[in-house]
Structures are given as C-alpha cells and as structure tokens.
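Colleague: Pasting in a structure now, in structure tokens, and then I'll have a few things to ask.
The values are calculated or read from the model by the stated rules, or taken from the named source; none is laboratory data. Worth saying up front: this structure is predicted, and the values here are computed from it rather than measured. Glycine also receives a Cβ, built like all others from the backbone with ideal geometry; neighbour counts cover every protein chain displayed.
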Amino acid sequence: MTNEEIKQSVSAIFPAVTYDESGEFLNILIDAANLKPLMLALRSNKEYSFDFLFCLTCIDWKTHLMMVYHLLSKTHRHNIVVKAKLADVNNPQIETVCDIWQTANFHEREVYDLFGVKFLNHPDLRRLLLDENWEGYPLRKNYVDENMITI
Amino acid sequence: MAETEKMIFPAQLHQTADGGIVVSKLDEMINWARSNSLWPLVFGTSCCAIEMMSAADAKYDWSRFGFEVARATPRQADLIIVAGTIVMKMAPVLKRLYDQMPDPKYVIAMGACTISGGPFFYNTYSVVKGVDHVIPVDVYIPGCPPRPEALLHAMITLQEKIKHETYFGKSTKEEGK
C-alpha cells in the first residue's frame, strides 16, 4: 500500500489519528489509550500485515514522553511509524504490544529500564540492562547522577 | 642480576657420582616457575578482547612466554586480563571471578577503559571509572585498544614483577638492576 492508501484506510477505522509525513516514514500519531486496537489491526489486517516491529523506543520531550514504534511488512514491503504521546511524565503508562510482536518483550523492558515507562500487562517487566537496585531512569532528561562527571 | 640471567633456570647443577644435586634459592625457584606458566582467564568485555585474542594467535603467539593455557574457569587461572569496559552491572561479576581465582593471582588492566573509564569518563552513568575500584591491578597498559605487542610487553613486565616477589607475602623486593 502507498502512504496515501494507508492513511485513508487507517482513518476509516480510527478517525482520531493524525499524520506527519515530514520525515522518512509515514508517522501515525495516536493517543495512548487507543494504541492497542490500532496495533492489533495493523498486525492482523491482511492488507496491512505489519509482521515486523523493527524498532521500539521512547523520546523524552520534557513536557511529555513519546513512544515510537517502527513497523514493516515483509509481504507488502511497506513501513510506517506509530507514535503515542504519554502526557503524564511522573507516571507514564501504556499497554504492552509484546503479545502482538514477541520482540517487543525485551524492547519494552529496555524502555522501562531507561525511561521508566510502565507497560501494562507485560509478562515480565524487570530491568534489563541496569541492575535491579538501580534508582532512577538514566535516559530521562531530569535524571541526576552525583557521580557523573560532566563537561 | 642481569635481565638475561633471570630468564634462565635459576639454579646450579652439581654433578655427583650417581647423578647430580640442584642448588637454588626457594624464592627464585618458585618465581621462575610461576612467572613462566601464567594461565590467563578467558575474559574480555569489548574491543580490547579482540586485541587480546590476536595476541594469543599464531602471529603474536603469547605461548612463547608461557601464557598459552588460557582457562575458561577462574579456578584454574593465575592471571586475569581485564580487556574492555567494565560497567556497573559487570563489576560484581568481575569481583566474583577474581575472588574465585586461587592465590597467587595477578591482574592486567588492558586499555583506557580499565585504567580510568577512558572514553566513558565523562557524561556516563553506567561505566566503572577504573577497574582498580573493583580489584587490585598489577600492570596497566594504556591504549585504545593497545596493540598485541603492548599486551605482550605488559605480560613480560608482569613476569619481571613476579620474579621480584618473596614467597612469604606478595611484597616486592627492591629491583636490583
């Protein structure tokens, strides 16, 4: 599908989404509450068939956090980016997608480890890269580490 | 004692009718044996480990100096070459490996990361700034990464250090060169 076709067809099911085509990929912006149904549709719907989640990460914009999902379809050779805004910086929460794409399991653990995003219904949400007793989330802009030497 | 003399067997053989008697000093004998059969632990955490593997291969061949028996278990190793960045999560693992090695044991800090944190000294939350915060180091090699020749030099330096030890305690004698 072309980007235009994807836009039309996604808007038919989810009228609330907005788009951003300024970058390399077609970006679909959706609110966090509706992320799971959208993702399920993108994976299971035959005409999208996004069977590969090749990047899952998070961005700290200070005022809010933004979850970013890069999706690719191996059958249709099209790709998109889905973004979901997490408005509550102190308690960011979003539904897990690791039941849709298994690879999200570790990616979400990494985002939890470094950004502190809580993934609801994740089967094993533990720290991945840092040890279990670590305090804080190092990739957050407001992270403070007294031992860190900055220049 | 000149450097060339120390490399050879530190004893005199006295011929007798039924064979011979070896006369030596205990310290020199033990140090000779220890320094020429240092078994390194297979331990590498990043790019320095590639140079370390290179030092073990046929081109640089550290077995010429008695290091060929790299051990995959700390219980059989005498020497740990800390080859690569040590992060906070790895530090307890490194400490445990060191603790599991039987005495006498030696440590070579290979490369900038293990000396001070190196390129990760500034603006990093996860890297240990010098492996000597975790375990005692015998020889430091600067470099990012050091070449295999530098590692060989460090290992030979360690052998020299061992040759100045006393059997009771790890204290170093005055270098009488």
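Colleague: For A:Ile80, indicate whether it is part of a strand (DSSP E or B) and over 21 Å from A:Glu110 (Cα atoms).
Modeller: yes
Colleague: Among the candidates A:Leu129, A:Leu120, A:Leu114, single out the residue that is within 14 Å of chain B (Cβ to nearest Cβ), closer than 30 Å to A:Ser73 by Cα and surrounded by fewer than 19 Cβ atoms within 10 Å (Cβ to Cβ).
Modeller: Answer to the selection: A:Leu129.
Colleague: If you go through region B:63-82 one residue at a time, how many are modelled with pLDDT under 90 and either assigned to a helix (DSSP H, G or I) or not assigned by TED's automatic domain parsing to the domain that holds B:His153 (or both)?
Modeller: 3
Colleague: Hey, can you tell me all the residues within region A:1-22 that are within 20 Å of A:Leu86 (Cβ to Cβ) and either part of a loop (DSSP other than H, G, I, E, B) or aromatic (Phe, Trp, Tyr) (or both)?
Modeller: Applying the first criterion (within 20 Å of A:Leu86 (Cβ to Cβ)) to region A:1-22 yields A:14, A:16-20.
Once the filter is applied, which keeps residues that are within 20 Å of A:Leu86 (Cβ to Cβ) and either part of a loop (DSSP other than H, G, I, E, B) or aromatic (Phe, Trp, Tyr) (or both), region A:1-22 yields A:Phe14, A:Ala16, A:Val17, A:Tyr19.
Colleague: Just to check your reading of the model, which residue among A:Ile151, A:Ile100 is aliphatic (A, V, I, L, M), within 16 Å of A:His70 (Cα to Cα) and either away from every other protein chain (no Cβ under 14 Å) or assigned to a loop (DSSP other than H, G, I, E, B) (or both)?
Modeller: Values: A:Ile151 fails: within 16 Å of A:His70 (Cα to Cα).
The unique qualifying residue is A:Ile100.
Colleague: Ok, one more. Mind counting the residues in region A:101-111 that are surrounded by fewer than 18 Cβ atoms within 10 Å (Cβ to Cβ) and closer than 17 Å to A:Lys36 by Cβ?
Modeller: Going through region A:101-111 one residue at a time, the tally reaches 2.
Colleague: Test B:Ser46 against the criterion of being touching a Phe, Trp or Tyr at 6+ places or on another chain (Cβ under 9 Å), among the polar types (S, T, N, Q) and surrounded by 13 or more Cβ atoms within 10 Å (Cβ to Cβ), and give yes or no.
Modeller: In short, no.
Colleague: Which members of region B:6-41 meet the condition of being farther than 24 Å from B:Lys105 by Cα, part of a strand (DSSP E or B) and among the aliphatic types (A, V, I, L, M)?
Modeller: Once the filter is applied, which keeps residues that are farther than 24 Å from B:Lys105 by Cα, part of a strand (DSSP E or B) and among the aliphatic types (A, V, I, L, M), region B:6-41 yields B:Ala11, B:Leu13, B:Ile21, B:Val22, B:Val23.
Colleague: Here's another thing I want to ask about it. Could you check region B:83-112 and list, in sequence order, the residues that are within 11 Å of B:Ala154 (Cβ to Cβ) and assigned to a loop (DSSP other than H, G, I, E, B)?
Modeller: B:Gly111
Colleague: Another question, then. Report whether or not B:Lys59 is within 15 Å of B:Ala150 (Cβ to Cβ) and either touching a His at 6+ places or on another chain (Cβ under 6 Å) or not in a helix (DSSP H, G or I) (or both). Can you show your working first?
Modeller: Working: within 15 Å of B:Ala150 (Cβ to Cβ): yes; either touching a His at 6+ places or on another chain (Cβ under 6 Å) or not in a helix (DSSP H, G or I) (or both): yes.
In short, yes.
Colleague: Which of the residues spanning region A:103-137 are of a type in the set (Asp, Glu) and either farther than 30 Å from B:Val128 by Cβ or not in a loop (DSSP other than H, G, I, E, B) (or both)?
Modeller: Result: A:Glu108, A:Glu110, A:Asp113.
Colleague: Right, something else. Quick one: B:Trp32 ticks every box in (1) surrounded by fewer than 17 Cβ atoms within 10 Å (Cβ to Cβ); (2) more than 13 Å from the chain's Cα centre (by Cα); (3) modelled with pLDDT under 90 bar one, so which box is it?
Modeller: In the conditions (1) surrounded by fewer than 17 Cβ atoms within 10 Å (Cβ to Cβ); (2) more than 13 Å from the chain's Cα centre (by Cα); (3) modelled with pLDDT under 90, B:Trp32 misses (1) alone.
Colleague: Quick test of your reading of the structure: B:Thr124 fulfils all but one of (1) out of contact with any Phe, Trp or Tyr (no Cβ under 6 Å at 6 or more places or on another chain); (2) more than 18 Å from B:Trp39 (Cα to Cα); (3) away from chain A (no Cβ under 14 Å). Name the failing condition by number.
Modeller: (3)
A quick yes/no check of all residues on (1) away from chain A (no Cβ under 14 Å); (2) at positive phi:
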{"residue": "B:Thr85", "(1), (2)": "no, no"}
{"residue": "B:Leu94", "(1), (2)": "no, no"}
{"residue": "B:Gly117", "(1), (2)": "no, yes"}
{"residue": "B:Lys129", "(1), (2)": "no, no"}
{"residue": "B:Pro146", "(1), (2)": "yes, no"}
{"residue": "B:Lys161", "(1), (2)": "yes, no"}
{"residue": "B:His164", "(1), (2)": "yes, no"}
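Colleague: Check off (1) more than 15 Å from B:Ile108 (Cα to Cα); (2) in the same structural domain as B:Gly117 (by TED's automatic domain parsing) for B:Thr45 and give me the number that stays unchecked.
Modeller: (1)
Colleague: Please work out if B:Thr16 is β-branched (Val, Ile, Thr) and outside the structural domain of B:Ile135 (by TED's automatic domain parsing). If you could, list the steps in order and put the result at the bottom.
Modeller: Values: β-branched (Val, Ile, Thr): yes; outside the structural domain of B:Ile135 (by TED's automatic domain parsing): yes.
So B:Thr16 passes the test.
Colleague: On to the next question. Please work out which residue is nearest to the other protein chains (Cβ to nearest Cβ), limiting yourself to region B:48-83 and to residues that are β-branched (Val, Ile, Thr) and over 14 Å from the mean Cα position of the chain (by Cα).
Modeller: That would be B:Ile50.
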